[in-house]
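Heads up: the structure comes next, in structure tokens.
The values are calculated or read from the model by the stated rules, or taken from the named source; none is laboratory data. All of these numbers come straight from a predicted model, not from anything done at the bench. Quick reminder, even Gly has a Cβ in these numbers, built from the backbone with ideal geometry, and neighbours come from all protein chains shown.
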Amino acid sequence: MGRSIVLVVGHSNEPAYGAKPGIHDGLHGLKVTLSDIATGLPIGDAQLRADKYYFRDLQSFNSATSLYDADQIQEGIDVGAVFGETGGYLSRPMVADGVYGYTPYGNVSYFGATNVTIDDTIFCT
């Protein structure tokens, strides 16, 4: 029997705006939510990390030929469980406008029955 999970990636503060003094603090961390595809039950046992790719604007993003052409790269960032929110995981925020890409990866314990490995790249604008 297959073990399928839903991986939802977004920001902790949506919509994610860059910092604008007196208007918006720009804080929007990487938010990952894990759940079982069949039942929707949250999965609260995962060891996750992420690589973050930041492009200052759409032109920078469109001219890139690989992830490593990003204007800023952070690798191996911890994505920790959110206290009191089973299935929710969070990493520290970024504060600038731009295009963000994330590669969350790690092992998810599928309700103690087996391990599922995740490794996927997602972009948010």
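Tabulated data
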item	result
Given (1) at pLDDT 90 or above; (2) part of a strand (DSSP E or B); (3) hydroxyl-bearing (Ser, Thr, Tyr), number of the condition TYR100 does not satisfy	(1)
Selection within the stretch 59-77 - assigned to a loop (DSSP other than H, G, I, E, B) and touching a Leu at 6+ places or on another chain (Cβ under 8 Å)	none
All positions within the stretch 103-116 that are within 15 Å of the chain's Cα centre (by Cα) and of a type in the set (S, T, N, Q)	THR103, ASN107
Residue within the stretch 104-120 that is out of contact with any Lys or Arg (no Cβ under 8 Å at 6 or more places or on another chain), without any contact (Cβ under 8 Å) to a residue 60 or more places away in the chain and surrounded by 15 or more Cβ atoms within 10 Å (Cβ to Cβ) present	no
Every pair of residues 6+ apart whose Cβ atoms lie under 7 Å, when the first sits in the stretch 38-55 and is in contact (Cβ under 8 Å) with a residue 40 or more places away in the chain and surrounded by 15 or more Cβ atoms within 10 Å (Cβ to Cβ) while the second is acidic (Asp, Glu) and outside any strand (DSSP E or B)	TYR54/ASP71; PHE55/ASP71
Qualifying positions in the stretch 78-97 - within 12 Å of LEU7 (Cα to Cα) and outside any strand (DSSP E or B)	GLY87
Failed condition for GLY84, given (1) more than 15 Å from the chain's Cα centre (by Cα); (2) touching a residue at least 12 places away in the same chain (Cβ under 8 Å)	(2)
Selected residue [assigned to a strand (DSSP E or B) and modelled with pLDDT of 90 or more] from LYS31, LYS52	LYS52
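Table: residues versus (1) of a type in the set (A, V, I, L, M, F, W, C); (2) over 17 Å from the mean Cα position of the chain (by Cα); (3) at pLDDT below 90.
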{"position": "SER12", "(1), (2), (3)": "no, no, yes"}
{"position": "ALA16", "(1), (2), (3)": "yes, no, yes"}
{"position": "SER35", "(1), (2), (3)": "no, no, no"}
{"position": "PRO42", "(1), (2), (3)": "no, no, no"}
{"position": "GLN74", "(1), (2), (3)": "no, no, no"}
